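**Student:** Please find one structure pasted underneath; my questions will follow.
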Amino acid sequence: MPKNYLEAAIEIAREAGQILREEFSRPPQISYKGNEVDLVTQADKRSEQAIVSRITKLFPDHSIAAEEGTGHESASEFRWHVDPLDGTTNFAHGYPCFCVSLGLAQRDMLLAAVLYNPISDELFAAARGEGATLNGRKIHVSKNATLGTSLLCTGFPVHNRKGTPNLQYYGDFTMCSHGVRRDGSAALDLAFVAAGRFDGFWEFGLKKWDTAAGVLLVEEAGGKVTDFAGQPYQLGGPVILATNSLIHEEMRAAANAIANRAAAAASPPR
């Protein structure tokens with residue numbers, strides 16, 4: 001992979017992060033995408049405009065898939081997955097847990113990843129085969145080997161909240177682990193698994209731009225990412241399970257037990 005891909009992503013993420021930092025100090029300008037909970041801010045729009053403009057200038061042939069819809073398609077085998085502000089609800093409420101997320105893929109293979117929280121000034125980066133870093137220092141997943149002593153994280157959708165099965169998983173995983181956190185940014189949750197702050201993460205229904213950067217970070221930090229069936233996670237898939245690898249099978253077994261109980265409860269009596 002040309003080194004300039006990762007260097008460019010870091011530079012672009014920092015520039016977009018500066019926009020988010022500026023907007024965070026002002027009263028938020030909020031609009032809604034079809035319902036009263038799926039919001040977008042002026043910060044999302046400004047950040048995405050800057051990111052798409054810079055990628056287009058540097059790599060004009062590359063495709064860009066961006067959350068707010070300003071990306072573009074091309075015949076290129078390279079695609080950037082852009083979330084200009086992951087954690088928009090947090091941002092709008094003044095909670096400083098959000099980031100810029102950039103992931104570059106060649107066909108289905110992730111090549112480079114950058115996540116940047118401009119408030120904490122933490123920049124996570126990874127390149128395939130080269131490991132993962134936080135502010136330039138190598139990071140690695142945790143060494144916690146049991147689910148019972150693990151700290152987990154998850155999230156819930158901003159729309160169709162009644163349709164998500166995750167409340168059952170949240171309750172059961174809370175009871176069989178050291179605890180479950182819900183911070184409102186899937187990208188940062190994955191970065192924190194990579195950095196060893198969390199031992200495992202699961203969530204349903206995430207978009208490709210939510211996970212592209214975080215997946216590569218976890219894998220390059222020594223972790224494992226699959227679906228609940230144990231198959232390699234596909235970007236945009238229905239469920240993601242990311243762990244330090246040591247508790248992966250225990251988490252997967254617990255998730256499948258929850259699913260089996262839910263299915264049995266939903267079956268009509270004979």
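The values are calculated or read from the model by the stated rules, or taken from the named source; none is laboratory data. Bear in mind that the values here come from a model prediction, so they are computed numbers and not experimental data. In this analysis, Cβ positions are derived from the backbone assuming ideal geometry, glycine residues included, and neighbour counts consider all displayed protein chains. When the accessible area is computed, the model is the full protein with side chains, heavy atoms only, and any ligands, DNA or RNA have been set aside. Shrake-Rupley method; radii C 1.70, N 1.55, O 1.52, S 1.80 Å.
**Student:** Please compute the per residue accessible area over the chain with all protein chains in place, 1.4 Å probe, rounded to a whole number of Å².
**Tutor:** Accessible surface, normalised per residue, equals 46 Å².
**Student:** Calculate what fraction, in whole %, of the accessible area of the chain sits on carbon and sulfur atoms when a 1.4 Å probe is rolled over the protein chains.
**Tutor:** 52 percent
**Student:** Once you order the gyration tensor axes a ≥ b ≥ c over the Cα atoms, which shape class does the chain get: rounded for a/c under 1.5, otherwise prolate or oblate by comparing a/b with b/c?
**Tutor:** In terms of gyration-tensor shape, prolate.
**Student:** Let me ask something else about it. Against the longest alpha carbon principal axis of the chain, how many degrees, from 0 to 90 and to the nearest 10, is the axis of helix 166-176 turned?
**Tutor:** 70 degrees
**Student:** What's the angle, to the nearest 10 degrees (0 to 90), between helix 3-24's Cα axis and the longest principal axis of the chain?
**Tutor:** That helix lies at roughly 90 degrees to the long axis.
**Student:** Could I ask something else about it? Keeping to pairs on different chains or 8 or more places apart, tell me how many lysine pairs in the chain have Cα atoms under 24 Å apart.
**Tutor:** Number of lysine pairs found: 17.
**Student:** Counting only the heavy atoms of the protein chains, how much of Tyr170 is accessible to a 1.4 Å probe, in Å² to the nearest 10?
**Tutor:** Surface open to solvent at Tyr170 totals about 70 Å².
**Student:** Suppose every K and R has +1 on its Cβ and every D and E has -1 on its Cβ; what is the size of the dipole of the chain about the Cα centre, in Debye to the nearest 20?
**Tutor:** For the chain, the charge dipole is close to 400 debye.
**Student:** Tell me the angle of helix 42-58 to the major Cα principal axis of the chain, expressed in degrees between 0 and 90 and rounded to the nearest ten.
**Tutor:** The angle comes out near 60 degrees.
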